[in-house]
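Shown next, in structure tokens, is the structure this report addresses.
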Amino acid sequence: MPPRSKRSTPAPPTAADANAARETAHEAPHPLLLLLEAGRAPWEYAALLAASPWLRRLPAGDGHPVLVFPGLGASDITTLPMRNFLRDRGYTPYPWKQGFNLGPRAGVLESCVDQVRALAERHQGRKVSLIGWSLGGVYARETAKEVPDLVRCVITLASPFTGHPRATHAWRVFELLSGQSAHDPVQLERVRRSPPVPTTSIYSRTDGIVAWRCSVNDDEAHTENIEVHASHIGMGLNPLALYAVADRLAQDPQHWRRFDAHGARRWFFRTTGHAPLRSTER
């Protein structure tokens, strides 16, 4: 018998291999989830109203400023329910005041940074929390990287900051509104890196616009991922998402800990290191 050929041991994956896998592995959500988006958001708002008595039992906020960024093609009107919720909880929320979010136009990030500086000064040096919905979460992350000493924490809602840009159903809209290519490898790698402050990503496997894997932070000491049942369009109205937002804002940044998904919370939330919500697996 001829001698058996020796099997070569595959080389360990490199950082370049990991980046390539990240770029190609993510597919856009199933078209059915996209079709269901518009019909789900009104129900999530109704659920928010119904859950108001429960949400009012959350610990009162400390009044610190919170800057809220809208999603692609949206304006501050869409974040009004969230800001009203935050105000009711005892925080001081602010809109981004740059009209419709049309993508990374010239001067937008600079204006965001200037606004954070102005809010910190207005509140006698108190740090500002940043909350961004969808593309607004990318702005929140990038703003925090520019002025980390003025930012208390970053919370993103269904924000696509990693993975291939075409793993969303919004990349064509992004290119149309911004006039820029959605696939810029240098910028994508920069956006993927987490800001150096406590950073939370709230995402859903039933998101019909952004593939959920595009909203998962790398596992670092100051990052976390919280999974909820929500649509993309209704994420900022979803009572579970807002519950998680309020819980995160109440954290002392000097003694920050990841979201606790034990006890009764395990029925509604999953966090980094836990299995996905069973009913959403595909």
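Listed values, structure above:
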item	result
Which of 155, 233 is most accessible, then next, and so on - probe 1.4 Å	233, 155
Per-pair calculated FRET efficiency, R0 = 41 Å: residue 187 and residue 260 via Cβ, rounded to 0.05	0.75
In sequence order, calculated HN-Hα J values of region 211-228 (Karplus, 6.51, -1.76, 1.60; Hz; x Gly/Pro)	4, 4, 5, 6, 10, 10, 5, 4, 6, 10, 4, 10, 10, 7, 9, 10, 9, 10
Under-5 Å amide H pairs with residue 225, H placed in peptide plane, nonlocal only	201, 272
Potential extension, residue 87-residue 38 segment - 0.36 nm per residue separation minus Cα distance	15.0 nm
Charge dipole magnitude, Cβ of K and R +1, D and E -1 - region 185-277, Cα centre, debye nearest 20	120 debye
In sequence order, calculated HN-Hα J values of region 236-241 (Karplus, 6.51, -1.76, 1.60; Hz; x Gly/Pro)	x, 10, 6, x, 5, 5
Region 38-123: chymotrypsin sites (Phe, Trp or Tyr not before Pro) falling in loop per DSSP and having at most 15 other Cβ within 10 Å	100
Extension reserve of the residue 27-residue 146 stretch, reckoned as 0.36 nm per residue once the Cα distance is removed	39.8 nm
In sequence order, calculated HN-Hα J values of region 108-121 (Karplus, 6.51, -1.76, 1.60; Hz; x Gly/Pro)	5, 5, 4, 5, 4, 5, 4, 5, 4, 4, 5, 5, 4, 5
Distance (nanometres) between label positions extended 7 Å along Cα→Cβ at residue 220 and residue 124	3.2 nm
With every protein chain in place, region 31-182: carbon and sulfur % of accessible area (1.4 Å)	60 percent
Gain on full stretching of the segment that runs from residue 45 to residue 109 - 0.36 nm per residue minus C-alpha separation	20.0 nm
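The values are calculated or read from the model by the stated rules, or taken from the named source; none is laboratory data. Just so you know, these numbers come straight off a predicted model, no measurement behind them. A quick note on method: Cβ atoms are made from the backbone with ideal geometry, for glycine too, and the neighbour counts reach across all protein chains shown. SASA here: full protein model, heavy atoms, side chains in, ligands and nucleic acids out. Shrake-Rupley method; radii C 1.70, N 1.55, O 1.52, S 1.80 Å.
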